[in-house]
Structure formats: C-alpha cells, structure tokens
Amino acid sequence: MSNNFGYIDIILLGMIAGFIILRLRSILGRKTGHEDKIYPGFSDKKFKEFQKKQRVNFENTKSNDLEGEEKVKFLKGAEIAYETIITAFAKGDKKVLKSLLTSDMSINFDRAISERDDKGIKSELTFIGMKNSSLEKYENLQNNIFATVKFVSDIISVKKDKDGKVIEGNPDLIKTVTDQWKFTKKKTSNSPNWFLVEILSK
C-alpha cells in the first residue's frame, strides 16, 4: 500500500508541476524565434552603443561601410536624377536642369544647350533603362558631402541637323553607356536633395 501511495504522490506532483509550467507559459509567453537577440556580456551602456553602431547613418559613413536601406534609397534617387538630367538636357529644358545642378554646372549645361540651338542641332534621347548603379566614393569634406556614382544604362541617342538629317547616333541602335557623376549637398541642409556637381571622365 505504501508503494502505491508513493506512486500516487509522484503522479500528483508531476501533474502540479505541469500545471504550474502551463500557467507560467500562458503568462510569460513562449519564444517564437522573432524576439530581439540578447548579447550576453554587454552592460546597458555598451549595448546602447552597439545598437547605435548598427544603425546606418548616411551623414557620417564612408562609402565602403554604407549598406542597407539608406544606400538603396540614395542610389534609387541618383538613378532618377540621372535619367531626368540626360532627358532634360536632350530636350533643352533648362528649368528642370536648374533644380538638379549646382550653379556652375547649370551654367555649363545652359551654354551647351545654347550652342546646340545656335547651330540648329536637335538632340533626341530615349532612356531605355538603368542596368546598374554603384556608389564609388563617399566624401565628407568641410561643409559639404560628396558622393560619386557609377551609372550603366541603355539609351538611344540621336542628333539631327536643321533639316532633320541624322548627323550623329542611330535611331535603331541601343547603346550601353557608362558614366561617373559626382553629387553634392550641404551638411546643414534639411533637404534630401542632392545636386550634380561634376561629370567625371571615364
């Protein structure tokens, strides 16, 4: 009989323990695999510093360290600016160009458009698509930030004289063009806009 009571005690204790575990699980929840990682050995201060380093800050990061969402957003914006600038230049749209260029670059583009118009040359450009873009260099100098981007795109580019005769390019030929452009913005600016400051020779 004593042995039977011993077994009953063990079973009752097991049931009580199971009940307690279930109650704790319902109150505290269980791990799902989506919880934040815990880094043992870090003090609160060190852990906050670690978290800060994990965030990508475009304002003070070198190009070879710039990764993640901020880099993707920047390159997407640069691609849009590239397409807009080359298309506006072909159309001779000085107003659009002025909003995307530094003052010196705006003067250079205006001069090139005026010279083309004086000669009666018409430029036609069809942007087919961007094949690739990459951040080649990132510089944090004095009051300005500079970012050099390499673009590889497909375009159709043609120049015609005043009589409509093709003098440069082929309207039926898609060309792959590689360009390196340098963009800039002021550190103190709250605007997300960057401006083309230089077109680098390949």
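Values quoted throughout were computed directly from the atomic coordinates according to the rules given, and no laboratory measurement underlies them. All values reported here derive from a predicted model rather than from experimental measurement. A quick note on method: Cβ atoms are made from the backbone with ideal geometry, for glycine too, and the neighbour counts reach across all protein chains shown.
Being closer than 19 Å to Ala78 by Cβ, surrounded by 12 or more Cβ atoms within 10 Å (Cβ to Cβ) and not aromatic (Phe, Trp, Tyr) is true for just one of Leu141, Leu97. Which residue is that?
The conditions single out Leu97.
Does Asp154 count as in a loop (DSSP other than H, G, I, E, B) and either out of contact with any helix residue (DSSP H, G or I) (no Cβ under 9 Å at 6 or more places or on another chain) or within 17 Å of Ala78 (Cα to Cα) (or both)? Don't jump to the end; show me each part of the working.
Details: in a loop (DSSP other than H, G, I, E, B): no; either out of contact with any helix residue (DSSP H, G or I) (no Cβ under 9 Å at 6 or more places or on another chain) or within 17 Å of Ala78 (Cα to Cα) (or both): yes.
Spelling it out, it is not the case that Asp154 is in a loop (DSSP other than H, G, I, E, B) and either out of contact with any helix residue (DSSP H, G or I) (no Cβ under 9 Å at 6 or more places or on another chain) or within 17 Å of Ala78 (Cα to Cα) (or both).
Among the residues of the range 101-119, are any within 15 Å of Glu79 (Cα to Cα) and in a loop (DSSP other than H, G, I, E, B)?
Step one: of the range 101-119, the residues within 15 Å of Glu79 (Cα to Cα) are 101.
Next, only the ones that are in a loop (DSSP other than H, G, I, E, B) stay: none.
No; the residues of the range 101-119 include none that is within 15 Å of Glu79 (Cα to Cα) and in a loop (DSSP other than H, G, I, E, B).
Please work out if Lys131 is over 23 Å from Asn190 (Cβ atoms), surrounded by 15 or more Cβ atoms within 10 Å (Cβ to Cβ), touching a Phe, Trp or Tyr at 6+ places or on another chain (Cβ under 9 Å) and touching a residue at least 40 places away in the same chain (Cβ under 8 Å). Talk me through it step by step, then tell me what you get.
Details: over 23 Å from Asn190 (Cβ atoms): yes; surrounded by 15 or more Cβ atoms within 10 Å (Cβ to Cβ): no; touching a Phe, Trp or Tyr at 6+ places or on another chain (Cβ under 9 Å): yes; touching a residue at least 40 places away in the same chain (Cβ under 8 Å): yes.
When the stated conditions are applied, Lys131 does not pass them.
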